[in-house]
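Okay, structure first, notes after.
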Amino acid sequence: MASRKGLQFYQKEKKLNPKLLTDLFEMMILTFVVIFLAFAITYFVGMRTSIIGDSMEPSLYNGQEILINRFIYKLSLPKRGDVVVFWPNGNQKTHYYVKRVIALPGETIQIIDGRVYIDGSLLDEDESYSKIMDAGIAENEILLGVDEYFVLGDNRNSSEDSRSGNIGPVKRNNIIGQAWFRMKIEGGQMGLVE
């Protein structure tokens, strides 16, 4: 019998490395936990809705999606300048309204010559807001109740808000949450709602 010369190859028996299996299992569990937490946070704390109309331009645009923080107002109260999401008059058969809080419970509000007055003093606002053409029910002074907020759209002359008789001041229990995060829309930017 002739002997074989040259290189000889031995096929090494493959064994599963226990450390590799443990690492893989831990990664799968961690991935599952992260997905579950993301789902739970989005479902229980936040929710998603779309902006309808141009009443919040230039802050938020028609069709833009936002995340709503439903948990924040369980710990604190809405503040002046917050962008809130609410049911108008508690009507859950309509779409969500998204507006900015202008006046707080217990304050008086009136719109005089297109400008907002809180407790008789001119509200210090960004100059980008247009002069209000229609004061609506705020033409006369309104005293807000202990659980009422006065809200306006950022695009003041194209907004159905607390000036409208069919909406009026927004009751605390009709506020769903705070507009928290805006999603990207056609070249726009993602980020926190300000």
*Relative intensity, log₁₀ I(q)/I(0), of the range 130-177 from a Debye sum that treats every alpha carbon as a point, q = 0.14, 0.18, 0.19, 0.27 Å⁻¹*: -0.34, -0.55, -0.61, -1.08
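Return the tail of the calculated pair distribution for the range 97-188, meaning the percent of Cα-Cα pairs more than 22 Å apart.
Numbers: 1139 of 4186 pairs.
Counting every Cα pair in the range 97-188, those more than 22 Å apart make up 27 percent.
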*If you project the alpha carbons of the range 46-155 onto the principal axes, what extent comes out on each, in Å, largest first?*
37, 29, 25
_Pairs of alpha-carbon atoms within less than 8 angstrom and 6+ residues apart define the contacts here; what relative contact order does the range 20-130 have, in percent?_
14 percent
*Just the number, please: carbon plus sulfur as a percent of the accessible area of the range 55-113, 1.4 Å probe, no ligands or DNA/RNA counted.*
51 percent
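Size of the dipole of the range 23-144 about the Cα centre, Lys and Arg at +1 and Asp and Glu at -1 on the beta carbon, nothing else charged, in debye to 20?
For the range 23-144, the charge dipole is close to 520 debye.
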*asked:* I need the phi-derived Karplus couplings for the range 92-102: 6.51 cos²θ - 1.76 cosθ + 1.60, θ = phi - 60°, integer Hz, Gly and Pro marked x.
replied: 7, 9, 10, 6, 5, 9, 10, 9, 9, 6, 10
*Using a 1.4 angstrom probe and counting only protein chains, how large is the accessible area of LYS74 in Å², to 10?*
150 Å²
_Could you work out how much longer the chain between GLU160 and ALA40 gets when fully extended? Use 0.36 nm per residue separation minus the Cα distance between them, nm to one decimal._
39.9 nm
*asked:* Not counting ligands, DNA or RNA, and with a 1.4 Å probe, what is ARG163's accessible surface area in Å² rounded to the nearest 10?
replied: 20 Å²
*Once Rh is set to the Kirkwood radius over Cα pairs, what Stokes-Einstein translational diffusion coefficient, in µm²/s, holds for the range 78-118 at a temperature of 10 °C and a viscosity of 1.306 mPa s?*
134 µm²/s
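The values are calculated or read from the model by the stated rules, or taken from the named source; none is laboratory data. For clarity, every value in this text was computed on a predicted model and none was experimentally measured. Cβ coordinates were reconstructed from backbone atoms using ideal geometry, including for glycine residues, and neighbour counts include every protein chain displayed. The accessibility values were calculated without ligands, DNA or RNA, using every heavy atom of the protein model including side chains. Shrake-Rupley method; radii C 1.70, N 1.55, O 1.52, S 1.80 Å.
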